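The structure appears right after this line, and notes come after that.
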Amino acid sequence: MGQLIPLTPAELDELSDQFAWALSTRETPVIVPGEAILGIEAIAAGVAARGRTILNIVTGPYGEQFGDWLSRGGSHVVELRTPYDDVVAVAAVAEAIERHHPCAVAFVQGEAVTGGSNPTQALLDLARQNNLITIVDAVSAIGAEPVLMDEWAMDFVAVGAQKALSGSNGISAVGISARGWEFLSRNASAPRHSALSLLDLKRASGEAEPVPANIPVLEARAVIKAFHQIQTEGIASVNHRHQLAAASTLAGIKSLGLKAWQRQESACSPLVTTVRLRQGEPIIRQSRGILAPGDGELYGKLLRVNHFGSQASLKSVEKAIGTLAGLLNAAQPEVAIHAVRKVWLASNDS
Ligand SMILES: *Cc1c(COP(=O)(O)O)cnc(C)c1O
């Protein structure tokens, strides 16, 4: 029986370099020995403190959870909420900053549950003008849309490999800027000797440190391998493939007489397309291929087309639209398939 060979320092360095590459950062990301939600909770635990006012933008369920964790840590949380079929308006954020004088702002870049993409670059510009610490959940953005940590001045950015990067979800990363590290270390209530401690997870650079025992070895190797494929394809082309999947799915659903759940077409996420359902018509109760019913309170209101990772392909989108056409008893399903194909092939030529 083969014994599991422990992860080597060289492998951990490679994984860390790969996440840094995906984030376009010169910083060394923290490798989180668990799924992305652990890194997100660790950010909340590390930044939250009595006396800190944090603006938390809620455009979906992950943002709501993040706010609860910030409150648990004693922060004064100012919540700016949108209905889940819309993304946040930059002007509303500017107004909230002016009114509440937060020291940090948090938001989700791309929402897998609602299918919206927030205006990330504009939000980060605004935050920088106001000298705020920025916290971004980019788990569902990374690979599907650009996440330029250094150029856009993100201070904390949580990512995982299991969505657009076609990797495993057992290991994830948090990118942290120098300002972000300072914000953590200045916080007397930031956890230490805890699974939620980013300060504990920081690796000293330049030293041959042993690999932490809690790193899941198989997941780490699976993610390293997934990154090899992504690096061969190129991140811009992975982004492009997701954009095409979203644009062609939108064309397909429109051809079937449906529309996007998101109010603004320009805010539709390249990771997942959410489809608005007529009142009380769930269409599906369980996932069918990449078609999935709405989560929680969104059940019966929308359905999701999960065209991400290896499913961000013409074939997968055609199949999903074909299935949807069948579920709707569409008279001419081939017309919808043709609409999908037309968008995919036209954009590919340009
Ligand atoms: C999927 C997702 C997560 C959670 O990632 P896990 O690794 O599955 O815990 C967090 N935030 C957002 C926006 C996501 O879409």
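The values are calculated or read from the model by the stated rules, or taken from the named source; none is laboratory data. These figures come from a predicted structure and were not determined experimentally. Glycine gets a Cβ as well: all are built from the backbone with ideal geometry, and neighbour counts include every protein chain shown.
For a quick check of your reading: which helices (runs of 4 or more DSSP H) sit entirely within segment 1-74 and have at least 1 residues that are of a type in the set (Ser, Thr, Tyr) and within 13 Å of the ligand (Cβ to nearest atom)? Reasoning before the result, please.
Details: elements: 9-23, 36-47, 61-72.
So the answer is 61-72.
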Yes/no for residue 231 being farther than 30 Å from residue 88 by Cβ and outside any loop (DSSP other than H, G, I, E, B): yes
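Which one of these is in contact with a Phe, Trp or Tyr (Cβ under 6 Å, 6 or more places away or on another chain) and either of a type in the set (D, E, K, R) or under 18 Å from residue 191 (Cβ atoms) (or both): 43, 54? Walk me through how you get there before you give the answer.
Working: 54 fails: in contact with a Phe, Trp or Tyr (Cβ under 6 Å, 6 or more places away or on another chain).
Selected residue: 43, the only one of 43, 54 that is in contact with a Phe, Trp or Tyr (Cβ under 6 Å, 6 or more places away or on another chain) and either of a type in the set (D, E, K, R) or under 18 Å from residue 191 (Cβ atoms) (or both).
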Just one of the numbered conditions (1) under 26 Å from residue 163 (Cα atoms); (2) away from the ligand (no atom under 16 Å from the Cβ) is not true of residue 103; which one? (1)
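Can you tell which of 126, 132, 80, 148 is closer than 25 Å to residue 46 by Cα and under 16 Å from the mean Cα position of the chain (by Cα)? Lay out the reasoning, then the answer.
On the way: 126 fails: under 16 Å from the mean Cα position of the chain (by Cα); 132 fails: under 16 Å from the mean Cα position of the chain (by Cα); 80 fails: under 16 Å from the mean Cα position of the chain (by Cα).
On inspection, the qualifying residue turns out to be 148.
Would you pick out the residues in segment 203-223 that are surrounded by fewer than 20 Cβ atoms within 10 Å (Cβ to Cβ) and assigned to a helix (DSSP H, G or I)?
The first filter runs over segment 203-223 and keeps only residues surrounded by fewer than 20 Cβ atoms within 10 Å (Cβ to Cβ), leaving 203-218, 221-222.
Of everything in segment 203-223, those that are surrounded by fewer than 20 Cβ atoms within 10 Å (Cβ to Cβ) and assigned to a helix (DSSP H, G or I) turn out to be 217, 218, 221, 222.
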Considering only residues of segment 224-254 that are of a type in the set (Val, Ile, Thr) and buried (at least 18 other Cβ atoms within 10 Å of the Cβ), which is farthest from the chain's Cα centre (by Cα)? 253
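What is the residue count in segment 281-308 for residues that are over 19 Å from residue 345 (Cα atoms) and out of contact with any Gly (no Cβ under 8 Å at 6 or more places or on another chain)? Break it down stepwise before answering.
Applying the first criterion (over 19 Å from residue 345 (Cα atoms)) to segment 281-308 yields 281-306.
Restricting the remaining residues to those that are out of contact with any Gly (no Cβ under 8 Å at 6 or more places or on another chain) gives 283-292, 295-299, 305-306.
Going through segment 281-308 one residue at a time, the tally reaches 17.
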How many residues are part of a loop (DSSP other than H, G, I, E, B) and farther than 17 Å from residue 87 by Cα when one looks only at segment 103-143? 5
Starting from segment 218-239, keep only residues that are in contact (Cβ under 8 Å) with a residue 40 or more places away in the chain, then list their pairs with residues that are in a helix (DSSP H, G or I) and of a type in the set (S, T, N, Q) whose Cβ atoms are within a distance under 8 Å, requiring at least 6 positions of separation or different chains. 223/18; 224/18; 227/18; 231/18
What are the residue pairs meeting all of these: first residue in segment 103-124, first residue buried (at least 22 other Cβ atoms within 10 Å of the Cβ), second residue basic (Lys, Arg) and part of a strand (DSSP E or B), Cβ atoms under 7 Å, and 6 or more apart or on different chains? 115/304
In segment 71-98, how many are touching a strand residue (DSSP E or B) at 6+ places or on another chain (Cβ under 8 Å) and of a type in the set (Lys, Arg)? 1
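Answer yes if at least one residue in segment 88-96 is within 24 Å of residue 200 (Cα to Cα), more than 15 Å from the ligand (Cβ to nearest atom) and modelled with pLDDT of 95 or more, and no otherwise.
Pass one, segment 88-96, residues within 24 Å of residue 200 (Cα to Cα): none.
The answer is no, given that none of the residues of segment 88-96 is within 24 Å of residue 200 (Cα to Cα), more than 15 Å from the ligand (Cβ to nearest atom) and modelled with pLDDT of 95 or more.
In the list 114, 134, 120, which residue meets the criterion of being among the hydroxyl-bearing types (Ser, Thr, Tyr) and out of contact with any Leu (no Cβ under 9 Å at 6 or more places or on another chain)?
Values: 114 fails: out of contact with any Leu (no Cβ under 9 Å at 6 or more places or on another chain); 134 fails: out of contact with any Leu (no Cβ under 9 Å at 6 or more places or on another chain).
Selected residue: 120, the only one of 114, 134, 120 that is among the hydroxyl-bearing types (Ser, Thr, Tyr) and out of contact with any Leu (no Cβ under 9 Å at 6 or more places or on another chain).
Out of the residues in segment 126-145 meeting the condition of being more than 16 Å from the ligand (Cβ to nearest atom) and surrounded by fewer than 24 Cβ atoms within 10 Å (Cβ to Cβ), tell me which one is nearest to residue 20 (Cα to Cα). Don't jump to the end; show me each part of the working.
Of the residues in segment 126-145, the ones more than 16 Å from the ligand (Cβ to nearest atom) are 126-133.
Among the residues that remain, those that are also surrounded by fewer than 24 Cβ atoms within 10 Å (Cβ to Cβ) are: 126, 128-133.
Details: 126: 24, 128: 21, 129: 25, 130: 26, 131: 24, 132: 23, 133: 20 Å.
Ranking the qualifying residues of segment 126-145, first place goes to 133.
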Can you name every residue in segment 272-294 that is hydroxyl-bearing (Ser, Thr, Tyr) and closer than 10 Å to residue 320 by Cβ? 273
Condition (residue is exposed (fewer than 14 other Cβ atoms within 10 Å of the Cβ) and modelled with pLDDT of 95 or more) applied to segment 169-178: is it met by at least one residue? yes
